[in-house]
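Okay, structure first, notes after.
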Amino acid sequence: MVSTEDTQVKSGPASRPRGRPRSFDRSTALERAVMAFWEHGYEATSVSDLTRTMGIGAPSLYAAFGDKRSLFEEVVRVYGGTYGSFAQRALEEEPTARAAVQRLLREAAVEFTDPAHPYGCLVIHAATNCTTPEVEGALRLQRNANIAAMENRIRTDIATGELPPDTDAAALARHAAAVFQGMSQQARDGANRGELEALAEIAMAIWPRT
């Protein structure tokens, strides 16, 4: 909150800061918000849950992050650039679609069962029982974008002869996405890394070969 004094014109140096300085570390508070949404999902995480977890009051939350929806949007961006970044790296760095999806699923088995953070995928779990259309829609668009990225990689491999010409790129991409999303839920239900790695190997066995 800006004081009355701060709203008046002063004769002193113009460099004097206006308003009260932030009394908490924003990045630390944001990381705690990531964990809260990851653990409980969007709908089940209330503003009071967030303020308690982040260690700040509601006025500070609104001033630093906006409303709950704005905070969640930033959380999703942070998650995508940190914990969830393995998915994009796999699709960008591997030479073929098969290698990319295989790496994606193998690394998902590791990441989804890491006890250092909540199990599964934040983007997938946050959509569970979500009744806020804007949030649910944004998460759906993100998941569909991931499917499209896999499909594009598969189509490239078809064009170069890495995969047979009659390969159904759309169906194969959706199959990989379904396995990925299912692994997230199974991790939350208690499946361990070895079990998910075995699932990933079975999923790759159906891929067509030239």
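The values are calculated or read from the model by the stated rules, or taken from the named source; none is laboratory data. These figures come from a predicted structure and were not determined experimentally. Please note: Cβ atoms are built from the backbone with ideal geometry, for glycine as well, and neighbour counts cover all protein chains shown.
A few notes on this one:
- Criterion: touching a residue at least 24 places away in the same chain (Cβ under 8 Å), under 24 Å from Tyr79 (Cβ atoms) and outside any helix (DSSP H, G or I) - qualifying residue of Ala148, Ala191, Ala116, Ala177: Ala191
- Verdict on Thr82 being of a type in the set (Ser, Thr, Tyr) and closer than 22 Å to Ile206 by Cα: no
- Answer from Ala127, Ala159, Ala116 - the residue that is more than 27 Å from Thr96 (Cα to Cα), among the aliphatic types (A, V, I, L, M) and surrounded by fewer than 17 Cβ atoms within 10 Å (Cβ to Cβ): Ala116
- Inter-residue pairs, beta-carbon under 9 Å, first within 13 Å of Thr28 (Cα to Cα) and in segment 47-64, second hydroxyl-bearing (Ser, Thr, Tyr), 6+ apart: Thr51/Ser60; Thr53/Thr45; Met54/Thr28; Met54/Ser60; Gly55/Thr28; Ile56/Ser23; Leu61/Thr51
- Some residue of segment 81-89 being of a type in the set (A, V, I, L, M) and surrounded by 14 or more Cβ atoms within 10 Å (Cβ to Cβ): yes
- Of all residues making up segment 162-210, the number that are surrounded by fewer than 16 Cβ atoms within 10 Å (Cβ to Cβ) and polar (S, T, N, Q): 2
- Neighbours by Cβ (under 8 Å, 6+ apart or cross-chain): first from segment 70-84, assigned to a helix (DSSP H, G or I); second acidic (Asp, Glu): Val78/Glu31
- Test for Glu134: is it in contact (Cβ under 8 Å) with a residue 12 or more places away in the chain, of a type in the set (Asp, Glu) and not in a helix (DSSP H, G or I): no
- Considering residues of segment 10-35 that are of a type in the set (Gly, Ala, Ser) and at pLDDT below 50 only, the residue nearest to Ala63 (Cα to Cα): Gly19
- Hits in segment 36-77 (condition: closer than 16 Å to Leu122 by Cβ and surrounded by fewer than 17 Cβ atoms within 10 Å (Cβ to Cβ)): Glu43, Ala44, Asp49, Arg69, Glu73, Glu74, Arg77
- Counted residues, segment 130-140 - those being under 16 Å from Phe180 (Cα atoms) and either exposed (fewer than 12 other Cβ atoms within 10 Å of the Cβ) or touching a His at 6+ places or on another chain (Cβ under 6 Å) (or both): 0
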